[in-house]
Amino acid sequence: MTDEPRNPRSGQDRQLRIFSSEVVDSVRSAGNVWRLAGGEIRLPWIFGFCRGVKRALAMLDEAVREHAAEGKRLFLLGQIIHNPWVNEYFKQRGVRILSAEELARLERVISARDCAVIPAFGVPLGIERKLHEIGCEIVDTSCGDVRRLWGWAERSVRSGSAVLIFGRANHDETVVTKSRLAAAGGYYAVAGNLDQVRDFGELIAGDRPAEDFAEIFGPDATNAADLAPFERLAQVSQTTMLYEDTMRVREILSEAYSRRFGADALCERLLFEPTVCRATQDRQAAAVDLCKSGCDVVVVVGGFTSSNTRHLYELSGQFAPSYLIEDASAIRSEKELVTYDFTRDAPAVARDWLPERRPLRIGVLAGASSPEIVVGEVLRRLAEFLG
Ligand code: SF4
């Protein structure tokens, strides 16, 4: 089962037509392959917008239409999703995207007569409360899968567990999760990668001194001076993490808690909630299927800050040379392409990225926040090299 059935006649799909692409539609109807003289371009069985993103964009679109007619000001509390094309599109339609500084002094920016839109990954609880105090209209586009994660984590801290979040500490979704756990009076720590999870496991198992907790997690833990609350743990993962990594997190923690407290105590000491959403899992599975089908090179389309797009890039890199790009303009020529250098955390130019051999098989992946209109332009650009 995939996360969303396609229903081209639904009202939401009509609203989102601006993000669609005839090229993508035609490649999709040809079995996700575009055959050309110099090879083929392949798409996975599922890619692009998930249902959470579609819902968020449809709600924002509706708010823009309504409020333009009423002359009401509309503020977006951060990026609606992590894609520059989509955010720019709404900016052009008069939506004001608030910066972190503006969010910090919200009462001076938004009045009771305005409308505030909460993005798909939510906003920290303090900001949500401030909106209610201001009394403005609120359009909450936060995704149901993200809200389910918050609800489970909050219930866990109320029942006495500390929470280990596997995710990026400064990712919007995780920032909100942290704010909710802090408001519920809970203890939490954020592990950004498997190495940090292993470190955490070693602390719990007693392989390293408890004082190292502060050194490893520092500001990414509520009370890095005290490991004791973590002796009973609930573990969640950011909804867009690599699914295979979250399975590894389970193994590492189970092994550590079992060593410290005994295998019989595991049920009582350690709780897991599978919070990587279906859309993320499907896109990752489809990316692996596509890569295994044989690609000489893979182009991953999406925002550089999009977590699920970055993970598709990580996956495809295990199979073939892969390049993450934001849009077709990144492909300067067969010799040069603007991608992202994760070691420097900055855009970088890749040279000689396109293999010379023909026929060539190019795989194209797109994250859950990547609009098909952008994917379609990338397909067109790539087709020029195989024409
Ligand atoms: S990727 Fe998952 S959690 Fe994020 S908006 Fe889509 S469905 Fe929701």
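If you go through segment 204-217 and keep only what is within 31 Å of the chain's Cα centre (by Cα) and over 18 Å from THR177 (Cβ atoms), you end up with ILE204, ASP212, PHE213, ALA214, GLU215, ILE216. The set of residues from segment 84-94 being modelled with pLDDT under 95 and buried (at least 23 other Cβ atoms within 10 Å of the Cβ) is empty.
The set of residues from segment 178-193 being touching a helix residue (DSSP H, G or I) at 6+ places or on another chain (Cβ under 6 Å) and of a type outside the set (D, E, K, R) comprises SER179, LEU181, ALA183, ALA184, GLY186, TYR187, TYR188, ALA189, VAL190, ALA191. I need the full set of residues from segment 304-331 which are in contact (Cβ under 8 Å) with a residue 60 or more places away in the chain, surrounded by fewer than 21 Cβ atoms within 10 Å (Cβ to Cβ) and of a type in the set (S, T, N, Q), in order please. Result: THR305, single match. Against the numbered list (1) at positive phi; (2) away from the ligand (no atom under 16 Å from the Cβ); (3) in contact with an Asp or Glu (Cβ under 8 Å, 6 or more places away or on another chain), ASN32 comes up short only at (3). Of all residues in segment 216-235, those that are in contact with a Gly (Cβ under 8 Å, 6 or more places away or on another chain) and either within 16 Å of the ligand (Cβ to nearest atom) or not charged (D, E, K, R) (or both) total 2.
Mind listing whichever residues of segment 340-364 are among the aliphatic types (A, V, I, L, M) and over 22 Å from ILE18 (Cβ atoms)? Reasoning before the result, please.
Narrowing segment 340-364 to residues among the aliphatic types (A, V, I, L, M): 346, 348-350, 354, 360, 362, 364.
Of everything in segment 340-364, those that are among the aliphatic types (A, V, I, L, M) and over 22 Å from ILE18 (Cβ atoms) turn out to be ALA346, ALA348, VAL349, ALA350, LEU354, LEU360, ILE362.
Residues that are of a type in the set (S, T, N, Q) and in contact with a strand residue (DSSP E or B) (Cβ under 8 Å, 6 or more places away or on another chain) within segment 241-285 comprise THR246, SER254, THR275, listed in sequence order.
Here's the yes/no breakdown for (1) away from the ligand (no atom under 16 Å from the Cβ); (2) of a type in the set (Gly, Ala, Ser); (3) crowded, with 23+ Cβ neighbours inside 10 Å; (4) without any contact (Cβ under 8 Å) to a residue 40 or more places away in the chain:
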| residue | (1), (2), (3), (4) |
| --- | --- |
| PHE49 | no, no, yes, no |
| MET59 | no, no, no, no |
| GLU66 | yes, no, no, yes |
| ILE97 | yes, no, no, yes |
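Looking across segment 126-140, the residues that are away from the ligand (no atom under 16 Å from the Cβ) and either under 30 Å from THR280 (Cα atoms) or open to solvent by less than 50 Å² (accessible area, probe 1.4 Å) (or both) come down to GLY126, ILE127, GLU128, ARG129, LEU131, ILE134, GLY135, CYS136, ILE138. Here the condition is being assigned to a helix (DSSP H, G or I), of a type outside the set (Asp, Glu) and in contact with a Ser or Thr (Cβ under 9 Å, 6 or more places away or on another chain); of ARG361, ARG381, it holds for ARG381 alone. Checking PHE272, PHE200, PHE230 one by one, the residue that is in contact (Cβ under 8 Å) with a residue 60 or more places away in the chain and among the aromatic types (Phe, Trp, Tyr) is PHE230 and no other.
Selection over segment 141-198 of residues that are hydrophobic (A, V, I, L, M, F, W, C) and within 16 Å of the ligand (Cβ to nearest atom) gives a count of 10.
The values are calculated or read from the model by the stated rules, or taken from the named source; none is laboratory data. Because the structure is a prediction, the values reported are computed rather than measured. Note: ideal-geometry Cβ built from the backbone for every residue, glycine included; neighbour counts use all protein chains shown. Surface accessibility is based on the protein's heavy atoms, side chains included, excluding ligands, DNA and RNA. Shrake-Rupley method; radii C 1.70, N 1.55, O 1.52, S 1.80 Å.
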